[in-house]
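Below is one structure, written out as structure tokens, with a few remarks after it.
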Amino acid sequence: MAIPMTDLYVQYLGLKEEIDAAIERTIKDSSYVLGKQVGQFEEEIAGYFGTRYAVGVNSGTDALVLALAALGIGWGDEVITTPFTFIATAEAISRVGAKPVFCDIDYETFNIDPQKIEEAITKNTKAILPVHLYGLPCDMNKIMALAKKHSLFVIEDCAQSFGSVYQGQKVGTFGACGCLSFFPAKTLGCYGDGGMVVTNEQKTAEKIKILRNHGSTTKYMYGKHGFNSRLDGIQAAILRVKLKYIDSWIEKRIHNAGIYNRELAGVNDVVTPKITEKDKHTFNYYNLKVKKNRDGLQAHLKAKGIAAAIYYPVCLHLQEVYKELGYQQGAFPVAELIQNESLALPMYPELTEQNIKKSAQVIKEIF
Ligand SMILES: *Cc1c(COP(=O)(O)O)cnc(C)c1O
């Protein structure tokens, strides 16, 4: 039996009746774009995060783009972020016309290194865009202190960190905006594309609502150039069902990570992620650092029917699309080291202990 990175169908089967009914109800209401389901889901997400507002959009990428645009970030502005993330983080900055400025990450956490942020601040810097990678919260105390000192916005990329907690507070609620993705493979995923921005600022929430709907203030009146970026009713209906279970699924992810850590303890050249009480890592991905022959290990796992993925094989500052920024190889040594060590193993709530042990066993065979 093969072990996949994630198994969305098995989760659906467990909730089939509820999800099918939710989809049917939405079709009956013909409430396909925004509408009742989206409005109720927005309220539930605001409740989950404890924020005053939540605005549904078309994707996590658009959540970032609209948050940046709503905060007035655009041409001539610089936004500091990590080079070790999914392309969408930096793409959103470029999309609004601003310039992504990368800085190196911390070896232990895979996340942006606050020490390096301050060195990257210039008179054009408008915001810091931290990514809570794989589900592990960034060092928000230090990031928020820097933002305050230099009067910068903080926009949190929470695409991989739904439900993660930093020192008792959910990530996404520290900065001006928290950006969520409901892409199917994320911790809270729908059956297509979907995203959301959470914020406590009324003005920002209102701007995003206008921007997502063609810049329309009232029907057929347009004050601004906008986007078509609205959350679908069917996706919201599915997400409302799944939201009821999300905390138990997150606990299962953490439990599964604990089994991996236990099984892989003491294996040479394999570093397992830390699980701490204080900061809650929600394990959208379970990531190892493999210090020797990472690609060989991946191939070996594959041969045994066990999926393993590299998030991410090439840092963003070394991508063709960002040649224009002029970064050289070696610019961010930690990120460049980790791109060669990082290896994600299968992770989802329904993953069995037996399969976790099987994957660990295969790893132990070659180390
Ligand atoms: C998935 C992801 C996004 C983009 O989300 P989409 O919903 O796929 O557009 C942004 N940032 C990170 C870190 C992601 O993993």
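Taken together, the values in this text are just the output of simple stated rules run on the coordinates, not laboratory data. This is a predicted model, so every value here is computed, not measured. Note that we place each Cβ from the backbone using ideal geometry, even for glycine, and neighbour counts take in every protein chain shown.
List of remarks:
- Under 5 Å from the amide H of Tyr286 lie the amide H atoms of Leu345, each residue being 5 or more positions distant or on a separate chain, with H modelled from the backbone and absent for Pro and chain starts.
- In sequence order, segment 198-207 has phi-based couplings of 9, 7, 9, 9, 4, 4, 5, 4, 5, 4 Hz under the Karplus curve 6.51 cos²θ - 1.76 cosθ + 1.60, θ = phi - 60°, and Gly or Pro positions carry x.
- In sequence order, calculated HN-Hα J values of segment 91-107 (Karplus, 6.51, -1.76, 1.60; Hz; x Gly/Pro): 4, 5, 5, 5, 4, 7, x, 8, 10, x, 10, 8, 9, 6, 10, 8, 4
- Derived scalar couplings ³J(HN,Hα) [segment 39-49; Karplus, 6.51 cos²θ - 1.76 cosθ + 1.60; whole Hz; x for Gly, Pro]: x, 5, 5, 4, 5, 5, 5, 4, x, 4, 8
- Loop-located chymotrypsin sites (Phe, Trp or Tyr not before Pro) in segment 91-152 whose Cβ has at most 16 other Cβ within 10 Å (DSSP): Tyr107
- Bridge type composition, the chain - antiparallel percent by DSSP, nearest 5: 60
- Once exposed loop GluC sites (Glu not before Pro) are cut out (DSSP; at most 13 other Cβ, 10 Å), longest piece of the chain: 109-276
- Local electrostatic count at Lys224 - Lys and Arg +1, Asp and Glu -1, tallied over other residues with Cβ under 12 Å: +2
- Cα lying deepest toward the dipole's positive end in the chain, options Met196, Tyr134, Trp249, charges on Cβ: Met196
- Using a simple spin-label model with pseudo-atoms 7 Å out from Cα toward Cβ, Ile87 and Asp7 lie 3.1 nm apart.
- Cα centre as origin, Lys/Arg/Asp/Glu Cβ charges: segment 1-111 dipole, Debye: 340
- Two-decimal ratio, segment 54-183, of alpha-carbon radius of gyration to 2.2 N^0.38 Å: 0.93
- Here the average projected area of the convex hull drawn through the C-alpha atoms of the chain stands at 18.3 nm².
- Given Lys99/Lys323; Lys242/Lys278; Lys274/Lys364, the pairs whose alpha carbons are separated by over 21 Å: Lys242/Lys278
- Zone residues, segment 218-232, relative to Tyr32, backbone N less than 16 Å from point 7 Å out along Cα-to-Cβ: 229-232
- Net charge over other residues, Cβ less than 10 angstrom from the Cβ of His214 (K, R count +1; D, E count -1): +3
- For Ile3, the residues whose modelled amide H falls within less than 5 Å of its own, excluding neighbours fewer than 5 places apart on the same chain, are Ile306, Ala307.
- Euclidean distance of C-alpha centroids, segment 237-262 and segment 1-79, integer Å: 17
- Spacing of the modelled spin labels on Met221 and Glu365, each 7 Å from Cα toward Cβ, amounts to 6.9 nm.
- Order of Thr26, Thr109 under a 10 Å beta carbon neighbour criterion, fewest first: Thr109, Thr26
- Likely footprinting exposure, Arg212, Arg240, fewest C-beta neighbours within 10 Å first: Arg240, Arg212
- Each residue, Asn340 and Gln167, gets one label point 7 Å from its Cα in the Cβ direction; the gap between the two is 3.6 nm.
- At the listed q of 0.13, 0.15, 0.17 Å⁻¹, the Debye profile of segment 15-111, built from one uniform point per Cα, gives log10 I(q)/I(0) equal to -0.67, -0.81, -0.91.
- Estimated dipole of the chain in Debye, rounded to 20 [Cβ of Lys and Arg +1, of Asp and Glu -1, Cα centre]: 340
- Per residue, the convex hull spanned by the Cα atoms of segment 175-275 measures out at 156 cubic angstrom.
- Dipole-positive endmost among His225, Gln319, Leu301 within the chain (Cβ charges, Cα centre): His225
- Residues whose amide H lies under 5 Å from that of Val101, counting only those 5 or more places away or on a different chain, are Val79, Ile80, Thr81; hydrogens are built 1.01 Å from N in the peptide plane.
- Only Cα pairs under 8 Å and 6+ residues apart enter the sum, and on that basis the relative contact order of segment 27-101 stands at 25 percent.
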